[in-house]
Structures are given as structure tokens and as C-alpha cells.
Amino acid sequence: MKKYIIVAESGADLSREMIENNDIRVPKMHVEIDGKDYLDGDVSMEELTSFYDKTGKVPKTAGVNPDQFEAIFKQIKEEDPNSTILHICYSAQLSIGFQSSVFADDGSIEICRVDAKNVSIGHAFVVMQVAEYIKENPEAQPEELQKKVEEIASKTRFAFLPGNLDYLRAGGRVSNAQYLGASLLRLKPLIEVIDGLMISTKKYSGAKKKIIRKMLNDYFTRYNIDKEKVFLVYAVSIDTDVRAEVEEAVREAGVKEFVWLKTGSVITSHCGPGGVGIAGIEK
């Protein structure tokens with residue numbers, strides 16, 4: 001039996017339970033606030049959001065550097081030199097993690113490296129699907145496993161409604177013209193991850209609960225999602241009634257199981273507090 005050890009960056013927003021139950025190694029991405037560098041998770045959400053409130057600037061984010069990967073690869077090699085590292089990377093279009101992992105690879109341990117082409121719970125969904133596949137197929141060879149990860153990544157769909165459009169504007173994710181138009185019309189942009197890029201694909205108007213209903217209906221209409229399980233994500237300061245609305249909507253859509261995760265510092269820096277999203281896989 002070949003032993004695989006999964007490595008996935010902190011931007012996947014995996015829960016502690018997921019990490020511990022599957023022995024996933026999680027190098028932390030970086031968040032810079034007022035010139036000070038923090039590791040993802042080492043800065044409170046209150047400090048992160050108050051920085052924007054005070055300055056009008058969003059925290060900067062950065063991917064995992066080669067030294068961090070080198071330390072993790074070294075530790076795995078010392079613990080189990082015969083294992084194969086399966087690095088399921090945070091979107092290579094949005095982070096240096098994939099390239100940093102390559103730079104840190106000295107060839108002394110086998111590493112299978114695949115771009116998840118996703119972020120946050122989209123990334124998490126890929127990781128957990130792969131972890132389940134490995135448990136069910138312990139004899140899988142690296143080439144077979146790499147193809148499976150690529151297949152899962154290509155069919156995973158993540159859609160997200162930001163809680164605060166100001167974060168997208170300040171971070172350069174939307175143009176000023178788009179921001180002004182959306183603000184005046186009270187529009188909410190839908191952010192989807194397509195081929196590893198965060199793209200605004202639609203705009204919704206109306207009350208938040210109505211928008212959420214419309215977003216989820218569109219999601220299940222557009223994609224033939226496997227309704228056995230989906231992941232849901234929320235950002236700090238989301239209202240409890242919004243979460244309840246999401247749960248009711250996914251149940252009505254026929255979803256059998258859903259798992260809530262919380263955005264970490266990286267996605268919160270991009271999309272602000274109060275956001276909500278969904279990830280699943282197409283059949």
C-alpha cells in the first residue's frame with residue numbers, strides 16, 4: 001500500500017477536524033496589515049476588518065514561500081521517507097504556492113503536485129474528495145491519483161457573494177466604474193472561480209435573502225451538482241438568519257448533506273465580512 005500525505009495551503013479554509021482526521025499538512029499563507037506580516041490565522045478577524053474601517057485599505061495577501069514548503073517536506077521525509085507527498089495547490093493563477101512548492105523540491109522525496117484551480121471551500125472540496133478517494137483506493141498509483149485530482153478539480157464549482165463590495169474595490173478586484181454602478185444600484189456581484197481565476201459573472205439586486213435565494217437557484221440550475229454533499233462558507237459578521245436562509249435553500253434544492261466552513265484571513269481580505277458561498281462537484 002502506498003502512503004500519501006496531502007499538503008494544502010491554509011487558503012483552502014479546511015476545518016481543524018478535516019485537517020486532523022486526514023493528517024493534512026497545511027502551510028500558512030500570509031496577510032500583511034499596516035506593513036506587518038502575519039501568518040493566516042494568526043491575526044484576528046476583528047483586527048483585519050478594523051484595519052479597513054480605519055484606513056480604507058484592505059490587507060495584502062501572499063502565498064506560501066519556498067522556505068515554508070521546504071520545512072514541511074523535510075518534516076514529512078523525516079517522519080515517513082517512503083511516503084508520497086500529494087500537494088493539492090491553491091489556485092496557481094492567484095498565488096505563488098505552486099511555484100514555491102517546485103522551488104522547494106530537492107528530489108529527495110516523491111511529490112505529486114496538482115493545481116486545484118480553486119480557492120477557499122472550492123479548494124477544500126477538492127482536497128476532501130481526494131482524501132476520500134485515497135481511503136477507498138489505497139493501491140492507487142501517483143499517475144492515476146494525479147489524473148483523479150485533475151478530474152475532481154475540473155468539475156468543482158465555487159460561487160461566492162461578497163459581504164462588502166468596498167473590499168473588492170479597494171483590492172482592485174473590480175474597477176471604480178463597476179463599483180460606482182453597483183453601489184448606486186445596490187447590486188451584489190457573484191464571484192465564481194473559473195479556471196483558477198476569481199471572476200464576477202453576474203450581479204444581483206434586492207434584499208439579501210432574495211439575492212441568496214436567486215444565487216443558489218442559479219447555481220443549481222447552471223451546474224449539474226452532485227447533491228450528496230456540498231460545502232458552505234461564511235465570513236465573519238454574517239447574520240444568523242442569512243445562514244438559516246442558505247440552509248433552507250440548499251435543502252429545498254435536494255442537497256442531502258452540507259458542511260459549513262469559515263473563511264480565513266485570505267478570502268476575508270479579498271471579499272470582506274458578511275460573505276457567503278457554496279461549493280460542490282458536477283456529476
Inset, instruction - Search segment 176-198 for residues being assigned to a strand (DSSP E or B) and modelled with pLDDT of 85 or more, and hand back the single one that is farthest from Asn118 (Cα to Cα). - result: Leu190
Legend entry - From His87, His123, residue being surrounded by 15 or more Cβ atoms within 10 Å (Cβ to Cβ), part of a strand (DSSP E or B) and not assigned by TED's automatic domain parsing to the domain that holds Gly264: His87
Inset, instruction - Take segment 258-270 and flag every residue that is buried (at least 24 other Cβ atoms within 10 Å of the Cβ), more than 10 Å from the chain's Cα centre (by Cα) and under 11 Å from Tyr234 (Cα atoms). - result: Thr268
Legend entry - Any pair with Cβ under 9 angstrom, 6 or more apart, that starts in segment 264-279 at a residue that is at pLDDT 95 or above and ends at one that is in a loop (DSSP other than H, G, I, E, B) and among the polar types (S, T, N, Q): Gly277/Thr263; Ala279/Asn118
Inset, instruction - Examine segment 19-32 for a residue that is farther than 30 Å from Lys148 by Cα, outside any helix (DSSP H, G or I) and out of contact with any Pro (no Cβ under 7 Å at 6 or more places or on another chain), and state whether such a residue exists. - result: no
Inset, instruction - Tell me, please, whether a residue that is over 15 Å from the mean Cα position of the chain (by Cα) and not in a helix (DSSP H, G or I) can be found in segment 43-51. - result: yes
Inset, instruction - Report, ordered by the first and then the second residue, all pairs with beta carbons closer than 9 Å, sequence separation of six or more or different chains, a first member in segment 128-146 that is without any contact (Cβ under 8 Å) to a residue 40 or more places away in the chain, and a second member that is in a helix (DSSP H, G or I) and of a type in the set (Asp, Glu). - result: Asn137/Glu144
Inset, instruction - Name, by its number, the condition in (1) outside any loop (DSSP other than H, G, I, E, B); (2) touching a residue at least 24 places away in the same chain (Cβ under 8 Å); (3) not hydroxyl-bearing (Ser, Thr, Tyr) that does not hold for Gln99. - result: (2)
Legend entry - Residue check for Asp218: among the acidic types (Asp, Glu), modelled with pLDDT under 95 and either in the same structural domain as Glu192 (by TED's automatic domain parsing) or crowded, with 23+ Cβ neighbours inside 10 Å (or both): no
Legend entry - Given (1) touching a Leu at 6+ places or on another chain (Cβ under 7 Å); (2) over 25 Å from Lys54 (Cα atoms); (3) modelled with pLDDT of 90 or more, index of the condition Ile225 fails: (1)
Inset, instruction - Could you pull out the residue among Ile33, Ile19, Ile24 that is more than 16 Å from the chain's Cα centre (by Cα) and crowded, with 16+ Cβ neighbours inside 10 Å? - result: Ile33
Inset, instruction - Among the candidates Pro81, Pro59, single out the residue that is out of contact with any Lys or Arg (no Cβ under 9 Å at 6 or more places or on another chain) and surrounded by 20 or more Cβ atoms within 10 Å (Cβ to Cβ). - result: Pro59
Inset, instruction - Return yes or no: is Gly11 in a loop (DSSP other than H, G, I, E, B) and assigned by TED's automatic domain parsing to the domain that holds Ala124? - result: no
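The values are calculated or read from the model by the stated rules, or taken from the named source; none is laboratory data. Keep in mind it's a predicted model, so treat the numbers as computed, not measured. Quick reminder, even Gly has a Cβ in these numbers, built from the backbone with ideal geometry, and neighbours come from all protein chains shown.
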